[in-house]
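Below is one structure, written out as structure tokens, with a few remarks after it.
The values are calculated or read from the model by the stated rules, or taken from the named source; none is laboratory data. These numbers come from a predicted model, not from an experiment. Neighbour counts run over all protein chains shown; Cβ positions are idealised from the backbone, glycine included. Side chains included, ligands, DNA and RNA excluded: accessible areas come from the protein's heavy atoms. Shrake-Rupley method; radii C 1.70, N 1.55, O 1.52, S 1.80 Å.
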Amino acid sequence: MNYSSAKAVISGGASGLGFACAQSIITEGGQVVLLDINQEQGEHAASELGEQALFIQTDISQEQQVESAVDKAAEFMGAINLAIGCAGILGAALIHSKKGPMPADYFQQVVNINLMGSFLLTRAASQHMQNNQAVDGERGLILHTASIAAYEGQIGQTAYSATKAAITGMVLPLAREFARIGVRVMAVAPGVFETPMMEKITPEICEQIAAGIPNPSRFGTPQEFAAMVKHIFENQYLNGTTIRLDAAARLQ
Ligand SMILES: NC(=O)c1ccc[n+]([C@@H]2O[C@H](COP(=O)([O-])OP(=O)(O)OC[C@H]3O[C@@H](n4cnc5c(N)ncnc54)[C@H](O)[C@@H]3O)[C@@H](O)[C@H]2O)c1
């Protein structure tokens, strides 16, 4: 499928990697619907993207909200042939800190947003995709955002790494199941990217992290992530796997 035909629903689309994907789809002539919990940023992002974009405030961890938002997205665009899951939170914390053991609710929240949110988006989007007219045998692509922390989680990333590893684990069974409806399922595992999520880290730590990235020795740009998503959409032979996009970075 050509990117100009993309009708994309993007969770976490108001910011960072999701917003960069939205910009590249709009530039190519496609349509986007941004689902994000952040109303102010979502409205601002959609107005920057123009008339082919819509923002729907959505908590990606809430089943009814996701279902209703995806229905509205399909109505706005006439169909959905691309779902990009970018909503996520870091939820960095130790299991045993000076404050005591990590509350179970805290771990659960990371699971609800990062993992359940990915499932809920998959469920709602594939429901619409299966009714699409096939183009070259294809009806759509579902693309999730994992992380290299799925493989090399650092101290304090137990919840985050668990959810990202679970996303990589979902991709193959989903791709196998959705083969019969002509929908591909992929994930990208980014290394370290320049987005608001990373702005919480001090410049000194950023420099240290960048120095540990082999080549190029810098953070990735959201545009490099968006270029990967465009390639996956257009390359029909990519299915059922997670691609690392990390400049050879391996977390210590
Ligand atoms: N930036 C990186 O270095 C990096 C590396 C690896 C993986 N990732 C993953 O990429 C994805 C995008 O991250 P980013 O760097 O663009 O961060 P970001 O903070 O810029 O964007 C994340 C977006 O998700 C939204 N969001 C949070 N909770 C939500 C909820 N409950 N419902 C709906 N939306 C919600 C936020 O409002 C925000 O707009 C995340 O899943 C993140 O884990 C990022």
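Before moving on, here are some points about what is shown:
- Taking each residue of the range 202-218 that is within 15 Å of residue 252 (Cα to Cα) and looking for partners that are modelled with pLDDT of 85 or more and open to solvent by 50 Å² or more (accessible area, probe 1.4 Å) with beta-carbon atoms closer than 7 Å, six or more apart or interchain, yields 210/217; 210/218; 211/217; 214/248.
- Filter result for the condition that a residue is within 24 Å of residue 159 (Cβ to Cβ), near the ligand (Cβ under 10 Å from one of its atoms) and of a type in the set (A, V, I, L, M), over 87, 69: 87
- Test: residue in the range 103-116 that is open to solvent by less than 50 Å² (accessible area, probe 1.4 Å), in contact with a strand residue (DSSP E or B) (Cβ under 8 Å, 6 or more places away or on another chain) and not in a strand (DSSP E or B): no
- The range 60-85, residues that are in contact with a strand residue (DSSP E or B) (Cβ under 9 Å, 6 or more places away or on another chain), outside any helix (DSSP H, G or I) and open to solvent by 30 Å² or more (accessible area, probe 1.4 Å): 78
- Qualifying residue in the range 141-163 (condition: within 23 Å of residue 9 (Cβ to Cβ), in contact with a Leu (Cβ under 9 Å, 6 or more places away or on another chain), open to solvent by 10 Å² or more (accessible area, probe 1.4 Å) and not in a loop (DSSP other than H, G, I, E, B)): yes
- Residues (open to solvent by less than 20 Å² (accessible area, probe 1.4 Å), more than 8 Å from the ligand (Cβ to nearest atom) and farther than 15 Å from residue 249 by Cβ) located in the range 186-200: 186, 187
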